[in-house]
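Have a look at the structure below, then the notes.
The values are calculated or read from the model by the stated rules, or taken from the named source; none is laboratory data. What you see is a predicted model, and the numbers here were worked out from it, not measured in a lab. Don't worry about glycine lacking a Cβ; one is built from the backbone with ideal geometry, like all the others, and counts go over all protein chains shown. The accessibility values were calculated without ligands, DNA or RNA, using every heavy atom of the protein model including side chains. Shrake-Rupley method; radii C 1.70, N 1.55, O 1.52, S 1.80 Å.
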Amino acid sequence: MRPRAGRPSHIPGFRAGRQAHGIAHSLRMWTELLARLLGRPVRGRLVPHPARLGPPKIDVFRVGHRFANRVVALRDVNVAVHSGEFVCLVGPSGCGKTTLLYALAGHIAPSGGRISVDGVQVTGPGPDRLLVFQEPALFPWLTVRQNLVFALRSRGLGRAEADARAREYVHLVHLDGFEDTLPHQLSGGMRMRVQLARALAMDPAVLLMDEPFAALDAQTRSHMHELLQRIWTRDRKTVVFVTHDVREALVLGDRVVVMAARPGRVLHDLEVHLPRPRDPDDPALVEMSRLVREELRRAERAAAEAAAPGEAPDATRPPDDGAPRRSAPALGAPL
Amino acid sequence: MTASVGRLAADGRLGAATARSLGRLVQGYGISAALGVPLGIAMARSLLVQRALRPAVLGLQALPSICWLPLAVLWFGLSETAILFVVVMGSLLAVAIATEDGVSGIDPVLLRAAGTLGIHGPRFVAGVLLPAALPGILTGLKLGWSFAWRALMAGELLFVAGGLGQLLSQGRELLDAAQVMGVMLCIVAIGVAVDQVLFRLLEVRIRRRWGLVEVS
Ligand SMILES: Nc1ncnc2c1ncn2[C@@H]1O[C@H](COP(=O)(O)OP(=O)(O)OP(=O)(O)O)[C@@H](O)[C@H]1O
Ligand SMILES: [Mg+2]
């Protein structure tokens with residue numbers, strides 16, 4: 001993806017350079033500056049994700065999934081997430097984001113392909129991964145604090161320790177004063193924050209999050225973004241974060257994986273080059289989100305045409321569905 | 001009728017009979033609940049147990065509990081055990097079936113949440129499965145209670161064993177309709193008290209805590 005020419009304020013090098021943290025940043029700054037001086041087109045900040053060396057933390061290899069009702073939720077999905085990366089999945093409703101996350105968490109076994117974490121195939125839920133569900137998923141008979149304490153105690157924490165930790169994380173999600181409230185007495189957004197607190201308090205190496213902030217107002221959401229990023233940078237967690245909201249993905253992610261529906265598949269795997277902390281109203285970010293959304297719309301149109309009667313190429317697809325196919329998806333194709 | 005109930009109460013026979021019946025009930029019902037709940041959980045959670053036991057449980061459930069009496073007498077003689085056996089068989093299956101329904105009806109997302117949080121074993125059963133199914137289990141316990149109460153009365157009527165049932169048949173032998181009706185009234189009162197007061201209270205409490213009713 002390329003930013004429009006003639007908008008020097010969008011040139012990544014300058015911004016990145018101001019807050020460069022390491023050699024990589026300054027290197028990038030200089031090459032981009034050089035490229036600009038030599039009159040070559042400047043690469044945008046949203047670039048195809050290059051394959052990285054070294055074993056990934058999470059390896060999704062040619063994963064397909066077909067439900068019992070023959071709905072193909074995923075087809076030939078390949079994603080490699082390295083340790084410490086923050087990867088956002090965006091895509092239209094029903095494109096298989098939750099299905100993919102469930103497969104990563106070990107709640108469903110994909111009907112094709114292989115998912116491994118640290119080189120070990122995923123066969124069920126494990127203590128290294130924790131899924132934050134799209135629903136609040138709290139135990140309704142336990143109060144907010146008890147929900148956290150119960151989970152923490154099952155990790156072997158002592159009563160006092162679990163209690164202190166629960167209090168700390170309830171505070172972090174701005175729910176002080178609600179410790180002894182039952183879940184059904186909270187609003188939807190508050191329940192999601194309790195679930196977030198429970199997940200963060202459990203301190204897993206891999207956090208899988210399914211639209212955790214969809215029910216929050218902009219203000220609270222940005223607080224939660226800050227919290228999540230603070231914990232992510234502090235503890236070097238690996239995060240796979242699902243969202244409908246492209247801007248949210250661009251604010252949070254090192255990478256944005258764009259998915260399309262029917263069948264669920266990966267359209268693009270993009271690296272986000274923007275210094276942190278990011279501002280959702282930064283014009284560069286807004287422009288990037290516009291381009292991604294345009295891409296999503298294009299995919300949707302193509303799917304609608306494909307589904308139209310008379311020219312249904314969907315019907316000509318091999319019926320193997322979940323099974324891996326040879327052709328790789330358009331990973332890394334420039335937008 | 002009031003006079004005859006008063007007479008029974010005054011000479012302590014009513015109290016003793018009630019205590020005797022309730023003692024048996026608590027024992028028999030306790031056994032049913034203690035066996036029925038785990039059996040129901042096992043049927044809901046294990047395909048093997050379900051395949052093996054479900055047809056038998058459903059089939060035997062159709063059998064009126066008093067039909068167990070001849071077998072009970074053959075096995076245990078005219079004893080306390082025989083009556084307990086009838087009470088247990090009368091309520092156990094109802095408790096098991098309702099528990100199974102309750103456990104199968106648990107919101108799958110709660111089970112997944114427990115899985116992702118790494119809650120296993122006894123902590124999972126006691127901390128997630130049981131409380132999540134509790135509203136359903138309570139329905140089963142309530143049903144089991146009324147079945148147990150009926151089975152007990154039927155058992156006590158059929159042979160001399162003390163208890164309210166025996167007071168009833170005594171009234172019949174003495175051709176004292178007032179006593180019969182008075183004792184019947186006591187039986188109804190106890191049944192209703194437990195059902196409408198104890199269980200109702202528990203049910204309301206649980207449903208409120210679980211967020212299953214509007215709290216105004
Ligand atoms: N248990 C199931 N049985 C059959 N089909 C299912 C099941 N769960 C999901 N699907 C189908 O799989 C597809 C992907 O569903 P999924 O929940 O993964 O979508 P999603 O991307 O998470 O959507 P949303 O953004 O709305 O949450 C949908 O078409 C849905 O109809
Ligand atoms: Mg979803």
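Listed values, structure above:
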read-out	value
Single residue of A:240, A:246, A:256, A:194 found to be within 16 Å of ligand 1 (Cβ to nearest atom), under 22 Å from residue A:151 (Cα atoms) and either of a type in the set (D, E, K, R) or open to solvent by less than 20 Å² (accessible area, probe 1.4 Å) (or both)	A:240
Considering residues of segment A:228-259 that are out of contact with any helix residue (DSSP H, G or I) (no Cβ under 8 Å at 6 or more places or on another chain) and among the hydroxyl-bearing types (Ser, Thr, Tyr) only, the residue farthest from ligand 2 (Cβ to nearest atom)	A:233
Contacts under 7 angstrom Cβ, first residue in segment A:55-76 being more than 14 Å from chain B (Cβ to nearest Cβ), partner among the acidic types (Asp, Glu) and more than 8 Å from ligand 1 (Cβ to nearest atom), 6 or more apart	A:57/A:118; A:62/A:76; A:64/A:76; A:64/A:321; A:66/A:321; A:72/A:321; A:75/A:321
Tally, over segment B:1-17, of residues that are assigned to a helix (DSSP H, G or I) and out of contact with any helix residue (DSSP H, G or I) (no Cβ under 6 Å at 6 or more places or on another chain)	9
Unique match (being more than 29 Å from residue A:286 (Cβ to Cβ) and within 14 Å of chain B (Cβ to nearest Cβ)) among A:198, A:236	A:198
Count of residues meeting criterion [within 13 Å of chain B (Cβ to nearest Cβ) and more than 17 Å from residue A:80 (Cβ to Cβ)] in segment A:100-127	10
Residues within segment A:72-100 that are closer than 21 Å to residue A:298 by Cα, more than 16 Å from ligand 2 (Cβ to nearest atom) and surrounded by fewer than 19 Cβ atoms within 10 Å (Cβ to Cβ), tallied	0
Matching option when the condition is open to solvent by 40 Å² or more (accessible area, probe 1.4 Å) and not in a loop (DSSP other than H, G, I, E, B), among A:103, A:164	A:164
Qualifying position, being modelled with pLDDT of 90 or more and of a type in the set (D, E, K, R), among B:172, B:112	B:112
Looking only at segment A:43-71, and only at residues there that are open to solvent by less than 30 Å² (accessible area, probe 1.4 Å) and β-branched (Val, Ile, Thr), the one that is nearest to ligand 1 (Cβ to nearest atom)	A:63
Matching residues in segment A:209-227 - criterion: being within 14 Å of chain B (Cβ to nearest Cβ) and either more than 16 Å from ligand 2 (Cβ to nearest atom) or assigned to a strand (DSSP E or B) (or both)	A:209, A:210
Verdict on residue A:130 being more than 16 Å from ligand 2 (Cβ to nearest atom) and buried (at least 18 other Cβ atoms within 10 Å of the Cβ)	yes
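Yes/no per residue for (1) of a type outside the set (Val, Ile, Thr); (2) more than 9 Å from chain A (Cβ to nearest Cβ):
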{"residue": "B:116", "(1), (2)": "no, no"}
{"residue": "B:130", "(1), (2)": "yes, yes"}
{"residue": "B:134", "(1), (2)": "yes, no"}
{"residue": "B:138", "(1), (2)": "yes, yes"}
{"residue": "B:141", "(1), (2)": "yes, yes"}
{"residue": "B:146", "(1), (2)": "yes, yes"}
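Here is a yes/no grid of residues against (1) at pLDDT below 90; (2) open to solvent by 50 Å² or more (accessible area, probe 1.4 Å); (3) under 24 Å from residue B:128 (Cβ atoms); (4) among the aromatic types (Phe, Trp, Tyr):
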| position | (1), (2), (3), (4) |
| --- | --- |
| B:26 | no, yes, no, no |
| B:37 | no, no, yes, no |
| B:41 | no, no, yes, no |
| B:63 | yes, yes, no, no |
| B:70 | yes, yes, no, no |
| B:91 | no, no, no, no |
| B:98 | no, no, yes, no |
